[in-house]
Number of protein chains: 2
Amino acid sequence: MIVSDAGADTRTVHVDLGARSYDILVGGGLVARAGQEIAARLPGIRAAIVTDANVAPLHLDRLSAALDEAGIGHVPIVLPAGETTKSFDHLMQLVDALLGARLERGDAVIALGGGVIGDLSGFAAGIVRRGMRFVQLPTSLLAQVDSSVGGKTGINSPRGKNLIGVFHQPALVLADTDILSTLSRREFAAGYAEVVKYGLIDRPDFFEWLEANHAAIFAGGPARVEAVARCCEAKAAVVADDEREDGNRALLNLGHTFGHALESAVRYDPERLVHGEGVAIGMALAHRFSHRLGLIDGQDVTRVERHLQAVGLPTRIDAIPGPALDVDTLMDRIAQDKKVSRGQLTFILTRGIGQSFIAKEVVPDDVRAFLSAETAAAA
Amino acid sequence: MIVSDAGADTRTVHVDLGARSYDILVGGGLVARAGQEIAARLPGIRAAIVTDANVAPLHLDRLSAALDEAGIGHVPIVLPAGETTKSFDHLMQLVDALLGARLERGDAVIALGGGVIGDLSGFAAGIVRRGMRFVQLPTSLLAQVDSSVGGKTGINSPRGKNLIGVFHQPALVLADTDILSTLSRREFAAGYAEVVKYGLIDRPDFFEWLEANHAAIFAGGPARVEAVARCCEAKAAVVADDEREDGNRALLNLGHTFGHALESAVRYDPERLVHGEGVAIGMALAHRFSHRLGLIDGQDVTRVERHLQAVGLPTRIDAIPGPALDVDTLMDRIAQDKKVSRGQLTFILTRGIGQSFIAKEVVPDDVRAFLSAETAAAA
């Protein structure tokens, strides 16, 4: 459904992290150029391409040919698709495959896939021989604008999402916007939730630009390259300022504390809810909760809801198909969330479009009362 | 067999790593003071004490009481003793226990044990919530002078030792030299191999001091505190210079490439060989191999062998009980060692006592011929 933008120019976003600095290239046709871009930066390496059973038939042959052309010896490792692959079992299998391929510390793990493949592969790269090189070739919009940038890697625990992982920065990110043409509309929209997030955090102009240009971004072309590049710039700035989330990086969790609780409550069932949809509902909840606390005008809340709805994203808990979610389950998941600090709940709240802030002393009873009202509305 | 040195003064060694700097305290009675030392540096934390079934009956109650006194809430986690605990299975169990205890990012994992407990607990602390605080209370000489300092953590793979892990610096190390009185002579001697290593790397004066003082170090008292503190200083200097082993930190692997191959070849069976014994044989091999390459005088080799033998450490492959080890197995293990870079073998060789250096282009056939002669001598 999405038109190719192979003709668009490539944009480069630099992530400034001292010795761990790296470039993100954004544009069309980057898979075909991956070999030369990698060889130019990491001469003499060997590599493993880690991908999943959905992505492999679409893109693996082209990437493999590109690496062959540049003389980069490589092995493919194809994992099952889906969130359940972010498990200890698959991590162990992947680590063993990397060791079995006799890859060395200076060699690279190349993640060809969405957030699941990127998070799992980055974690494996971070722990094999205490840290191999890592290259991201994100194939979903969500991975291009969010998970491939910034070095967060990890797997899920039965106790919650992303509770186990490391910070391990990639050496290079290649965001091929042509690849997004293979996504379904639902997948593209889910990634778009993270695009909207950057506007809502602290870029009201970007949010306004999205309100005017969302159709062009979905259609493909220069607007899509522009949107991905601006998101990467926004994330790179936050990450450079606070690599390990000791401070303002937490703003990137806007919508995520609620969103993770929802995902966990539906047991990561993608038929019911994918991550970006959880974030969309989570952002709407964060804005409505902020309104309930008297922090933000109702008009701003409505504007956020309308934009999410305009691209087909859900904004309410009752939009999740299947059995209704109960408040006790959600509160338990929120308490287990890793953004909890010393028993107090931390949320990203907001005073207006692009005016979000870290609220560290949110009272659990206020959250419970708010969610009770939200889920009662759903019943 | 070792006399307590509770009266000795506490020495402080500072490890200078910028934002990740920390202190190592060395002296008697530190378990009893652990609560106050931890609370002074990490106010308000909760903790998990990770230990093993051998160490728990000896020291857990005292540490637990010390934490209670300082108001540090804590849970004990007791794992099986032995090298096989450094596995993916036990890592997964430990990570789940830490998450189950609802410990937060700012809380601490306290490792009470030897190198196995320290390496496994540090790895778990490094990956739970992408990095919790970590405190080391090393209970073996080997852990006090080597593995507890410098942030290397990890587990073993069926493909080799320590192939999976992260760099995760502790926030504090408490090296209670009284605790070493509970070690067997064999365990103490194994740790002493790492003490000797610091002299052989680049401190000929320290080696000479050890030749004169080894009996006093084994007996306990101020000489033992002095020896542990000087080793920690030596290691801290190397680690501060090269945290992630991109350069001279590799010197700390003196004796380890051979040693790891031997440990791997006997499948980490502690009845046959413990780590320090592997290092002792490995250091003797490194010196004899350097002599074979014409790098070092025979007298220096003899001096090293004599000192190791004086404290009861093995210096030859045929000292390992059980079936003879064959050269093919050893060469395969060496090739899989993580110090391999781009197909060339890296060894730490030496030009004399305290004159070791990193040799990056060692020819595999030279190693094979040397090991053939060594194992033929054994047969």
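The table for this structure:
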quantity	calculated
Scope the range B:111-134; condition among the small types (Gly, Ala, Ser) and without any contact (Cβ under 8 Å) to a residue 40 or more places away in the chain; matching residues	B:GLY118, B:GLY131
Some residue of the range B:224-235 being within 14 Å of another protein chain (Cβ to nearest Cβ) and within 28 Å of B:LYS360 (Cβ to Cβ)	no
Every residue from the range A:239-256 that is of a type outside the set (D, E, K, R) and more than 12 Å from chain B (Cβ to nearest Cβ)	A:VAL239, A:ALA240, A:GLY247, A:ASN248, A:LEU251, A:LEU252, A:ASN253, A:LEU254, A:GLY255, A:HIS256
Subset of the range A:217-235 [of a type in the set (Gly, Ala, Ser) and surrounded by 21 or more Cβ atoms within 10 Å (Cβ to Cβ)]	A:GLY220, A:ALA227, A:ALA229, A:ALA234
Of all residues in the range B:245-260 being modelled with pLDDT under 95 and in a loop (DSSP other than H, G, I, E, B), the one that is farthest from B:THR153 (Cα to Cα)	B:GLY247
Neighbours by Cβ (under 7 Å, 6+ apart or cross-chain): first from the range A:228-244, in a helix (DSSP H, G or I); second open to solvent by 10 Å² or more (accessible area, probe 1.4 Å) and acidic (Asp, Glu)	A:LYS235/A:ASP146; A:ALA240/A:ASP16
Conditions (1) part of a strand (DSSP E or B); (2) within 12 Å of another protein chain (Cβ to nearest Cβ); number of the one not met by B:VAL173	(2)
Among the residues listed as B:GLY298, B:GLY259, B:GLY312, B:GLY247, the single one being under 18 Å from the mean Cα position of the chain (by Cα) and of a type in the set (Gly, Ala, Ser)	B:GLY259
Residue check, B:HIS287 crowded, with 24+ Cβ neighbours inside 10 Å and farther than 25 Å from B:ALA212 by Cα	no
Matching option when the condition is more than 27 Å from A:VAL239 (Cβ to Cβ) and in contact with a strand residue (DSSP E or B) (Cβ under 6 Å, 6 or more places away or on another chain), among A:LEU67, A:LEU30, A:LEU58	A:LEU67
Meets criteria (more than 26 Å from A:PHE188 (Cα to Cα) and in contact with a strand residue (DSSP E or B) (Cβ under 7 Å, 6 or more places away or on another chain)) for A:LEU103	yes
Options B:ILE201, B:ILE164, B:ILE179, B:ILE217; residue that is touching a Leu at 6+ places or on another chain (Cβ under 9 Å) and under 30 Å from A:PHE123 (Cβ atoms)	B:ILE164
Top-ranked residue of the range B:152-165 - restricted to ones that are under 18 Å from B:VAL50 (Cα atoms) and in a loop (DSSP other than H, G, I, E, B), ranked as farthest from the other protein chains (Cβ to nearest Cβ)	B:THR153
Flag if B:ARG249 is open to solvent by 10 Å² or more (accessible area, probe 1.4 Å) and of a type in the set (Lys, Arg)	no
Selection from the range A:160-193 of residues that are touching a Gly at 6+ places or on another chain (Cβ under 6 Å) and within 20 Å of A:ARG224 (Cα to Cα)	A:THR177, A:ASP178, A:ALA189, A:ALA190, A:GLY191, A:ALA193
Identity of the residue in the range B:326-379, more than 25 Å from the chain's Cα centre (by Cα) and in a loop (DSSP other than H, G, I, E, B), that ends up modelled with the lowest pLDDT	B:ALA379
Selection from the range B:46-65 of residues that are under 24 Å from B:GLU187 (Cβ atoms), in contact with a Gly (Cβ under 7 Å, 6 or more places away or on another chain) and not β-branched (Val, Ile, Thr)	B:ASP52
Pair list, Cβ under 7 Å, 6 or more apart: the range A:137-151 residue in a loop (DSSP other than H, G, I, E, B), other residue of a type in the set (Gly, Ala, Ser) and open to solvent by 10 Å² or more (accessible area, probe 1.4 Å)	A:THR139/A:GLY114; A:SER140/A:GLY114; A:SER140/A:GLY115
Counted residues, the range B:147-159 - those being open to solvent by 10 Å² or more (accessible area, probe 1.4 Å) and either closer than 21 Å to B:ALA108 by Cα or touching a Lys or Arg at 6+ places or on another chain (Cβ under 7 Å) (or both)	3
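The values are calculated or read from the model by the stated rules, or taken from the named source; none is laboratory data. On a predicted model such as this, the values are computed, not experimentally measured, just so you know. Note that each Cβ is placed from the backbone with ideal geometry, even for glycine, and that neighbours are counted across all protein chains shown. Heavy atoms of the whole protein, side chains included, go into the accessibility calculation; ligands, DNA and RNA do not. Shrake-Rupley method; radii C 1.70, N 1.55, O 1.52, S 1.80 Å.
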